[in-house]
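Engineer: A single structure is presented below for examination.
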Amino acid sequence: MAANCKNPRPKAGAYRRFLSLVFVTLVGVLLLVVLLGTNSVSNFVSRSPIESSVKDLRPRYNNSSDYRLILNLPKQSGLSIQLEKLNQLRPRNTDLYPKLAKNHITIVLYVHNRPQYFKVVVESLSKVVGISETLLIVSHDGYFEEMNKIVEGIKFCQVKQIFAPYSPHVFPDSFPGVSPNDCKDKDDAAKKHCVGNPDQYGNHRSPKIVSLKHHWWWMMNTVWDGLKETEGHTGHILFIEEDHFIFPNAYRNLQKLATLKPKICPDCYAANLAPSDVNSRGENWDSFIAERMGNVGYSFNRTVWRKIHTKAREFCLFDEYNWDITMWATVYPSFGHPVYTLRGPKTSAVHFGKCGLHQGHGDKGACIDNGAVNIAVEDVDKVVNINSKWEVRFSENQPGYKAGFKGWGGWGDERDRALCLKFAEMHHFKSTDSVPSSDD
């Protein structure tokens, strides 16, 4: 009997081992399916080694639901959520440039979808003296694969990408994009039963136009108050666009201007690389120039940003779709005294764009001559060409917008104004326990 009882045991043990193996295999397959599902990045978003951990990221708030619920932001699309996660990725090239210079000036380059322009700017930046010492932040208005590939090719400095998650270009069929029941052109909302508020000239919103102002304001609030990489940065931050050619001496010139500004022009708010007149290449005087802040290669510090931020209502409620005209016409005048910027007598940056309003990559082709620009870079543009002993010439009777100017319109919809104000709040509210977490 004992001998007969020994035979079934090996079979039973083998059967149990077989079942265990099957169970483990099934569990492994299920886990793999779940992981593949949660780790899938939208087809709009390219993959790279650094992006493999994006599934583990959460927005930088104490409570993951605060950002949307408290501010009542538009319902996000899948792409919008992915872009918000991508904003938290570490800068690229930290293996090549592990440390930033102590006195570095962060550079922010804001772009839309003009890849031929973008390539020119990136190429000019690659030749800037000192560029490897700093962090380049590329702020995207929408997601475009060709623009993303250009950033992936940057190897001359640390580079971080941020994407405006509430860009109209990310919402194809709902606000801030185009909603099916939106009023168009000069529609009468009451007669057409459509949604929207016209501007002062009777025109309803155009997402393509309002995105200009939305992106700039979102970017400013995010760069100054929403990024780990800049939260302790007290120095200047330089802002440039995708159609600004930067000369080799720009960074060193700007460092010198930022250092000298408190001493030689304490009333100056900013430092510029170029004249406010985009057609000027400078006066070539032996003196500094203090004039109104231009929109080509402008820089300022956190103290100035705080002052700008307090004027959120002036910025968001003014019926003008251009961010720079809004600043010149209503924000700066609200400071109560002239807002000067300091610059050298010879430009270190040039605006080369032939058209604006996010044109340049449509059916008519790019707004650039033969895919290239012909900007002469002389020897004097390759070295610091400002002298700390120079005096400062103040530009009197500066051109600008007279009192009573009401803007060129394009910004009359209450939804755009409300979203703009929410961008100003998104990094300044306190989390509360009353709002449930999406993980609870």
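Engineer: I want to confirm something. Restricting to the range 228-278 and keeping residues that are touching a Gly at 6+ places or on another chain (Cβ under 6 Å) and either on the phi > 0 side of the Ramachandran plot or among the small types (Gly, Ala, Ser) (or both), which single residue is modelled with the lowest pLDDT?
Structural biologist: Within the range 228-278, the match that is modelled with the lowest pLDDT is Ser276.
Engineer: Continuing with the same structure: Which of the residues belonging to the range 206-225 are farther than 19 Å from Arg313 by Cα and open to solvent by 10 Å² or more (accessible area, probe 1.4 Å)?
Structural biologist: Ser206, Pro207, Lys208, Ile209 - these are the residues of the range 206-225 that are farther than 19 Å from Arg313 by Cα and open to solvent by 10 Å² or more (accessible area, probe 1.4 Å).
Engineer: Answer yes or no: is there a residue in the range 279-292 that is of a type outside the set (D, E, K, R), on the phi < 0 side of the Ramachandran plot, open to solvent by less than 40 Å² (accessible area, probe 1.4 Å) and under 26 Å from the mean Cα position of the chain (by Cα).
Structural biologist: No, every residue in the range 279-292 fails to be of a type outside the set (D, E, K, R), on the phi < 0 side of the Ramachandran plot, open to solvent by less than 40 Å² (accessible area, probe 1.4 Å) and under 26 Å from the mean Cα position of the chain (by Cα).
Engineer: Restricting attention to the range 172-203, which residues are in contact with a Lys or Arg (Cβ under 9 Å, 6 or more places away or on another chain), open to solvent by less than 40 Å² (accessible area, probe 1.4 Å) and either farther than 30 Å from Glu145 by Cα or among the hydrophobic types (A, V, I, L, M, F, W, C) (or both)?
Structural biologist: Phe175, Cys183, Cys194, Gly196, Asp199, Gly202
Engineer: Could you list, in sequence order, all residues of the range 93-144 that are in contact with a Ser or Thr (Cβ under 6 Å, 6 or more places away or on another chain) and farther than 26 Å from Lys256 by Cβ?
Structural biologist: Asp141, Gly142
Engineer: Tally up the residues in the range 249-277 that are over 22 Å from the mean Cα position of the chain (by Cα), over 14 Å from Ser388 (Cβ atoms) and open to solvent by less than 20 Å² (accessible area, probe 1.4 Å), please.
Structural biologist: Of the residues in that region, 3 qualify.
Engineer: Name every residue in the range 109-121 that is closer than 17 Å to Thr230 by Cα and out of contact with any Leu (no Cβ under 7 Å at 6 or more places or on another chain), in order of residue number.
Structural biologist: Residue satisfying the conditions is Tyr110 alone.
Engineer: Suppose we filter the range 215-226 for residues that are part of a loop (DSSP other than H, G, I, E, B) and in contact with a strand residue (DSSP E or B) (Cβ under 7 Å, 6 or more places away or on another chain); how many remain?
Structural biologist: 0
Engineer: Among the candidates Val435, Val392, which residue alone is modelled with pLDDT under 95, among the β-branched types (Val, Ile, Thr) and on the phi < 0 side of the Ramachandran plot?
Structural biologist: Val435 is the lone residue from the list that is modelled with pLDDT under 95, among the β-branched types (Val, Ile, Thr) and on the phi < 0 side of the Ramachandran plot.
Engineer: Go over the candidates Ser124, Ser139 one by one and state the one that is of a type in the set (Ser, Thr, Tyr), modelled with pLDDT of 95 or more and over 25 Å from Arg302 (Cβ atoms).
Structural biologist: Ser124
The values are calculated or read from the model by the stated rules, or taken from the named source; none is laboratory data. Every value quoted in this text rests on a predicted model; they were computed, and no experiment measured them. Backbone-built Cβ (ideal geometry, glycine too); neighbour counts: all protein chains shown. Note: accessible area is taken over every heavy atom of the protein model, side chains too, but ligands, DNA and RNA are not part of it. Shrake-Rupley method; radii C 1.70, N 1.55, O 1.52, S 1.80 Å.
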